[in-house]
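The values are calculated or read from the model by the stated rules, or taken from the named source; none is laboratory data. Since the model is a prediction, treat every value here as computed from it, not as a measurement. Cβ sites come from the backbone with ideal geometry, for glycine too, and all protein chains shown count toward neighbours.
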Amino acid sequence: MFIDNNKIYVLDSGQGSFLESKGLNISENNLWGSGPFIKPGFFTDESHPERLAIISMFDEFCKYANFISIPTYQMSLSVYLEVTKKEKTLENINEYKGLINEITEFTYDNTKKQHPDKEIFLVGSVGCFGASIAKEFSGDYPSQFTKAQFLSEYFKDQLDVYNSGENKANIIGFETIPNFEELKFLLQLDEKSISKPYYVSLSCKDDCELELRDGTKLEEIGKYIKEAHDLGKLNKNLKFIGINCCSFYSSLPNVSELNKYLNDDRLRYRFVVYPNSGEVFNTSDKTWAEPSDIKFSSISNWKSYVKKYIQNNCQVIGGCCRTTPRDLKIIKETITELS
């Protein structure tokens with residue numbers, strides 16, 4: 001995988017938001033956007049409505065994005081077994097791994113293969129442990145779930161698939177990490193555990209507290225990564241540090257804070273950033289509202305933020321929850337204007 005350090009890339013936008021706009025109910029089980037892939041006939045029936053919706057999503061992403069996520073964020077082995085009501089047997093583990101490979105091939109066929117003239121990298125999307133216990137927005141993990149042995153077992157099977165040379169994922173993305181112990185575990189994985197390029201993206205608080213969801217200061221995280229780098233303890237395949245699934249408004253201060261510690265004469269880390277839209281959910285009528293200030297991802301705010309992201313060493317820019325291909329179009333146009 002070749003990354004041109006002089007180029008700014010576009011990541012895709014909210015997959016769940018797109019599929020919901022096509023009428024899919026992605027919250028019907030805990031697989032979320034991976035749920036359609038376990039539906040009968042998905043891979044064999046070319047008129048399958050959920051298949052067509054996902055193909056439509058990929059077509060839209062390919063208009064603007066270079067990095068496209070394989071829809072497996074919530075597809076950990078534990079969640080897969082829970083939803084399918086299967087036991088943890090060798091046969092079912094192998095079935096699970098085969099499904100991840102099928103999803104990868106489906107993504108490849110409808111992105112890179114379908115658009116051979118475009119520069120596209122496939123991201124093997126791996127969600128945080130917190131997503132499996134509804135703690136991704138607090139990082140409040142029970143202590144037994146922060147131990148290296150547990151986390152190793154949790155990530156192992158999904159990571160084994162994406163780390164395989166036969167799998168078509170170009171880069172592995174650990175996304176929405178809200179807990180410092182989980183982050184430290186992922187940063188200490190050696191080159192045998194991850195031999196492909198990868199990034200780790202942090203889920204931070206929404207009101208510019210400059211903290212991980214669990215309350216750890218980004219200053220502490222920046223210093224931790226810097227020290228690990230100086231001691232030669234970081235995997236050479238770690239390509240980016242990321243910020244995602246935080247408010248649009250807080251994304252820039254979060255990146256700027258990390259940039260203070262991770263870019264100097266000895267160390268230079270590029271960033272991936274993909275915030276939420278900034279929309280606010282109205283619980284009374286269950287609708288989304290767009291703030292009229294700098295907290296919303298309007299055209300003018302995107303243009304301003306993209307410029308400042310780049311000034312803070314962001315190399316890959318996209319969107320997370322509630323963002324759409326419209327946002328990607330603005331991001332791409334702004335990058336082009338600045339180049």
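Take the conditions (1) touching a Lys or Arg at 6+ places or on another chain (Cβ under 6 Å); (2) more than 20 Å from LYS112 (Cα to Cα); LEU77 misses just one of them, which is (1). Inclusion of PHE174 among residues that are free of Cβ contacts under 8 Å to residues at least 60 places away in the same chain and within 26 Å of GLY14 (Cα to Cα) is warranted.
Just to check your reading of the model, which residue among SER143, SER132 is surrounded by fewer than 22 Cβ atoms within 10 Å (Cβ to Cβ), free of Cβ contacts under 8 Å to residues at least 24 places away in the same chain and either touching a strand residue (DSSP E or B) at 6+ places or on another chain (Cβ under 9 Å) or on the phi < 0 side of the Ramachandran plot (or both)? Please lay out each step first, then the result.
Numbers: SER132 fails: free of Cβ contacts under 8 Å to residues at least 24 places away in the same chain.
When all the criteria are applied, what remains is SER143.
Could you check, for the range 303-313, whether at least one of its residues is in contact with a strand residue (DSSP E or B) (Cβ under 8 Å, 6 or more places away or on another chain) and either assigned to a loop (DSSP other than H, G, I, E, B) or closer than 20 Å to PHE137 by Cα (or both)? Yes. Pairs linking a residue in the range 236-248 that is on the phi > 0 side of the Ramachandran plot and in contact (Cβ under 8 Å) with a residue 24 or more places away in the chain to a residue that is assigned to a strand (DSSP E or B) and among the β-branched types (Val, Ile, Thr), with Cβ atoms under 8 Å and 6 or more positions apart or on different chains, are CYS245/THR176. Taking the conditions (1) touching a Cys at 6+ places or on another chain (Cβ under 7 Å); (2) on the phi > 0 side of the Ramachandran plot in turn, GLY278 satisfies each one other than (1).
Yes or no, residue by residue, for (1) assigned to a helix (DSSP H, G or I); (2) loosely packed, with under 13 Cβ neighbours inside 10 Å; (3) in contact (Cβ under 8 Å) with a residue 24 or more places away in the chain:
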| site | (1), (2), (3) |
| --- | --- |
| ALA53 | yes, no, yes |
| MET57 | yes, no, yes |
| GLU95 | yes, no, no |
| ASN101 | yes, no, yes |
| TYR108 | yes, no, yes |
| ASP117 | no, yes, no |
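Within the range 240-282, the set of residues being among the acidic types (Asp, Glu), out of contact with any Phe, Trp or Tyr (no Cβ under 8 Å at 6 or more places or on another chain) and part of a loop (DSSP other than H, G, I, E, B) comprises ASP264, ASP265. Within the range 59-76, the set of residues being surrounded by 23 or more Cβ atoms within 10 Å (Cβ to Cβ) and not in a loop (DSSP other than H, G, I, E, B) comprises PHE61, PHE67, ILE68, SER69, ILE70. Being surrounded by 14 or more Cβ atoms within 10 Å (Cβ to Cβ), in contact with a strand residue (DSSP E or B) (Cβ under 9 Å, 6 or more places away or on another chain) and part of a loop (DSSP other than H, G, I, E, B) is the requirement here; does ASN235 meet it? Taking the combined requirement at face value, the residue satisfies it.
In the set (1) more than 20 Å from LYS205 (Cα to Cα); (2) touching a helix residue (DSSP H, G or I) at 6+ places or on another chain (Cβ under 7 Å); (3) basic (Lys, Arg), the condition left unmet by LYS295 is number (1). Enumerate the pairs (first residue in the range 180-201 and within 24 Å of PHE137 (Cα to Cα); second residue anywhere and modelled with pLDDT of 95 or more and of a type in the set (Gly, Ala, Ser)) with beta-carbon separation below 6 Å, excluding pairs fewer than 6 apart on the same chain, so at least 6 apart or on different chains. Hits for this filter: TYR199/GLY173; TYR199/GLY242; SER201/GLY242. Taking the criterion of being outside any strand (DSSP E or B) and either among the hydroxyl-bearing types (Ser, Thr, Tyr) or within 20 Å of LYS205 (Cα to Cα) (or both), the residues of the range 169-185 that qualify are PRO178, ASN179, PHE180, GLU181, GLU182, LEU183, LYS184.
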